[in-house]
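What follows is a single structure, written as structure tokens, with notes after it.
The values are calculated or read from the model by the stated rules, or taken from the named source; none is laboratory data. Just so it is clear, the model here is predicted, and its values are computed rather than measured. Methodologically, a virtual Cβ is constructed for each residue, glycine included, from the backbone with ideal geometry; neighbour enumeration extends over all protein chains shown.
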Amino acid sequence: MNVRRGTYVLALTFCSPADAEAGALGPVHLEPGTYCYVGSAMGGLDQRLSRHLSRTKTLHWHIDHLTVICDRAEAWESYPRFLPECELARLAEECGMAPAAEGFGCSDCRCRTHLFRAGEDSVQSLVSRAGLSPYPGRQLLFNKRGYPRA
Ligand SMILES: [Zn+2]
């Protein structure tokens, strides 16, 4: 079976203020809004993105602490066109996104962060500038607070 490898962007929406303990990074406080996380899945996009969109998992990466408490999650992949994750992070800032938590998800590179607060229209702007495709698996995830289903 052909394993699709590439990088991705997760857009996580929080309807109310969120506090997470992101492992070694410590406490992260997020105001309500949408946040974009950039990552790479060279082991396979399907496996990684279905994990990100699942609530039942062992919390391992910084982002895991957010995907289990967000109200909504959407995923886009840099595939078949490929941009390295740090290039996606640079583009996110160019699209008007603001760094959200210093050191988040970027232990292995020189970026300030791989988590950004997304302003209005900036997610769509990043998706089109980076040529991202919607993740063909399950797109949305809702919590029990009843964020409306698409
Ligand atoms: Zn980076």
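Points to keep in mind about this one:
- Residue within segment 58-65 that is within 26 Å of ARG110 (Cβ to Cβ), within 16 Å of the ligand (Cβ to nearest atom) and assigned to a strand (DSSP E or B) present: no
- One residue from THR34, THR67, THR7, THR13 being under 13 Å from the mean Cα position of the chain (by Cα), closer than 13 Å to LEU132 by Cβ and β-branched (Val, Ile, Thr): THR7
- Filtered by the rule that a residue be more than 15 Å from ILE63 (Cα to Cα), free of Cβ contacts under 8 Å to residues at least 24 places away in the same chain and more than 10 Å from the ligand (Cβ to nearest atom), segment 85-107 gives GLU93, ALA98.
- A residue that is assigned to a loop (DSSP other than H, G, I, E, B), within 16 Å of the ligand (Cβ to nearest atom) and under 15 Å from GLY6 (Cα atoms) can be found somewhere in segment 40-56.
- Pairs are defined by a Cβ separation below 7 Å, a sequence spacing of at least 6 or placement on different chains, a first member in segment 23-47 that is closer than 19 Å to ARG90 by Cα, and a second member that is charged (D, E, K, R) and away from the ligand (no atom under 16 Å from the Cβ); the pairs so defined are TYR35/ARG117; ALA41/ARG5; ALA41/ARG48.
- Within segment 108-136, the residues that satisfy the criterion of being within 16 Å of the ligand (Cβ to nearest atom) and farther than 17 Å from GLU77 by Cβ are ASP108, CYS109, ARG110, CYS111, ARG112, THR113, LEU115, PHE116.
- Unmet requirement for ARG81, which otherwise passes all of (1) in contact with a His (Cβ under 9 Å, 6 or more places away or on another chain); (2) modelled with pLDDT under 95: (1)
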